[in-house]
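I have placed the structure first, in the form of C-alpha cells, so that the comments after it can refer back to it.
The values are calculated or read from the model by the stated rules, or taken from the named source; none is laboratory data. Predicted, not measured: the structure shown is a model, and the values here were computed from it. For neighbour counting, all protein chains shown are included, and Cβ atoms are generated from backbone atoms with ideal geometry for every residue, glycine included.
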Amino acid sequence: MKKGALWPWIIAGALALHVVASLVVVFVAASNPSYAVEEDYYQKALHWNDKRAQDRTNEELGWVLDLEVHPAATPGGEPTLEVRLTDAGGAPVDGAVVAVETFHNAHADDILHASLEASGEGVYRATLPMRHNGRWELRFTADRGQDHFTHAETRHLFVERGR
C-alpha cells in the first residue's frame with residue numbers, strides 16, 4: 001500500500017460513522033412516545049390574529065373558568081373533570097356547550113377529547129381516562145348562543161390516588 005493511501009479511507013469512514021450516528025439519533029428521537037408535534041401548528045400560526053381576536057372576545061365576555069379534577073373513586077377508574085363557569089359578575093353560566101381537549105405533557109401525542117355535561121349552577125363534568133399524575137395541558141371551549149369562549153391552562157394534576 002502506498003504511503004498516505006489510508007487517509008481517504010479514514011475520512012470516508014468518519015463521514016459514514018457520522019451519517020449512521022445521526023440517523024440513529026433521529027430514529028430514537030422520533031420513536032419516543034413523548035414526542036409530539038402540535039396539531040395544525042402551521043394553520044394556527046397563520047391564524048394568529050384570529051387567536052388574538054378570540055382573546056379580546058374572552059376579555060369582553062368576562063367569563064371565568066375554574067377547574068378541578070377528582071381522582072377516580074376506585075383503582076383503575078376514571079377521574080372526573082369538573083368545571084365551574086361564571087360570568088363577570090360571578091353568576092353561573094348555564095346552558096353552555098363546554099368541550100375540552102387535554103393531554104399529559106409527557107404523553108403529548110395522546111390527546112383526550114370530551115364534551116362536558118351540565119350539572120346545573122354553571123358546573124360541567126366529564127370523566128376522562130387520565131392515567132398519569134403530573135403536568136396536563138387543558139384547552140376548553142364554551143359556546144352559548146352567539147358567545148364563544150376559550151380557555152387554556154397548564155396545571156399539575158393528581159388524577160390517580162395513592163401515587
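Worth pointing out:
- Selection count, region 124-163, where residues are out of contact with any Lys or Arg (no Cβ under 9 Å at 6 or more places or on another chain) and either of a type in the set (K, R) or assigned to a strand (DSSP E or B) (or both): 16
- Pairs where the first residue, in region 139-151, is in the same structural domain as T102 (by TED's automatic domain parsing) and charged (D, E, K, R) and the second is outside any strand (DSSP E or B) and surrounded by 16 or more Cβ atoms within 10 Å (Cβ to Cβ), C-beta under 9 Å, 6+ apart: D143/A96; R144/V93; R144/A96; D147/L61; D147/W63; D147/V93; D147/A96
- Pair list, Cβ under 8 Å, 6 or more apart: region 31-57 residue in the same structural domain as F149 (by TED's automatic domain parsing), other residue among the hydroxyl-bearing types (S, T, Y) and not in a loop (DSSP other than H, G, I, E, B): Q54/T150
- Test: residue in region 91-99 that is outside any loop (DSSP other than H, G, I, E, B), touching a residue at least 12 places away in the same chain (Cβ under 8 Å) and of a type in the set (D, E): no
- Scope region 16-55; condition of a type in the set (D, E) and either in a helix (DSSP H, G or I) or surrounded by 10 or more Cβ atoms within 10 Å (Cβ to Cβ) (or both); matching residues: E39, D40, D50, D55
- Residues being in a helix (DSSP H, G or I) and not small (G, A, S) are entirely absent from region 73-85.
- Residues in region 93-114 that are more than 18 Å from W63 (Cβ to Cβ), touching a strand residue (DSSP E or B) at 6+ places or on another chain (Cβ under 8 Å) and of a type outside the set (D, E): T102, F103, H104, N105, A106, A108, I111, L112, H113, A114.
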